[in-house]
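Following: one structure in structure tokens, then a few remarks.
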Amino acid sequence: MKRIRRILHPSDFSRASRPAFAHAIDFAKLARAELTIVHVLAPAIPYVGEGYVSPQLYDQLFADLHARAQKQLSRLVAKARAAGIRTKGILAEGAPHDRIIRAARAWRANLIVMGTHGHTGLSRVILGSVAARVVATARCPVLTVRSR
């Protein structure tokens, strides 16, 4: 079995991702592995009733979203570093499952530890499952942690 040296933890900053973050920390400590935390900003389509959203307003909304995401990502990186783990954060843009897989490949991750909301039935069909897509396409093992 290959030694785990690099762990990737995708986070959407939701409650569902908190248990997975805790597991990623535990695994990184146990294996003395590096941890990369990735957050993906999905392309947003602003909906403001039937009104027009100017490019300037769209750019401002996206800049605000980016700044908030960077702040939350920095908090997670700080928590991991406080636990004594070599950690970095990546803020990516695009389809979440695709960017997670790309980050794992580029960083040569040995393990992906990610949360799942646990949607089933129609809600999963409608919303899709980022975790399911990552599991299906990742080249390394994926540990999914269901929210409590």
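R86 falls short of the stated requirement of being in contact with a strand residue (DSSP E or B) (Cβ under 6 Å, 6 or more places away or on another chain), crowded, with 16+ Cβ neighbours inside 10 Å and in contact (Cβ under 8 Å) with a residue 12 or more places away in the chain. Quick one: in the range 128-148, which of the residues that are more than 14 Å from the chain's Cα centre (by Cα) and of a type in the set (S, T, Y) is farthest from A95 (Cα to Cα)? Among residues in the range 128-148 that are more than 14 Å from the chain's Cα centre (by Cα) and of a type in the set (S, T, Y), the one farthest from A95 (Cα to Cα) is S147.
Every residue, every condition in (1) free of Cβ contacts under 8 Å to residues at least 40 places away in the same chain; (2) under 25 Å from R133 (Cα atoms); (3) exposed (fewer than 12 other Cβ atoms within 10 Å of the Cβ), yes or no:
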| site | (1), (2), (3) |
| --- | --- |
| F13 | no, yes, no |
| A20 | no, yes, no |
| K29 | no, no, no |
| Q56 | yes, no, yes |
| L61 | yes, no, no |
| L65 | yes, yes, no |
| L73 | no, yes, no |
| L91 | no, yes, no |
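For the range 31-54, residues that are modelled with pLDDT of 95 or more and either of a type in the set (D, E, K, R) or loosely packed, with under 11 Cβ neighbours inside 10 Å (or both) total 2. If you go through the range 93-121 and keep only what is closer than 17 Å to R146 by Cα, surrounded by fewer than 16 Cβ atoms within 10 Å (Cβ to Cβ) and not polar (S, T, N, Q), you end up with G118, G121.
The values are calculated or read from the model by the stated rules, or taken from the named source; none is laboratory data. Just so it is clear, the structure is predicted and the values come from calculations on it, not from any experiment. Cβ: placed from backbone, ideal geometry, glycine included. Neighbour counts: every protein chain shown.
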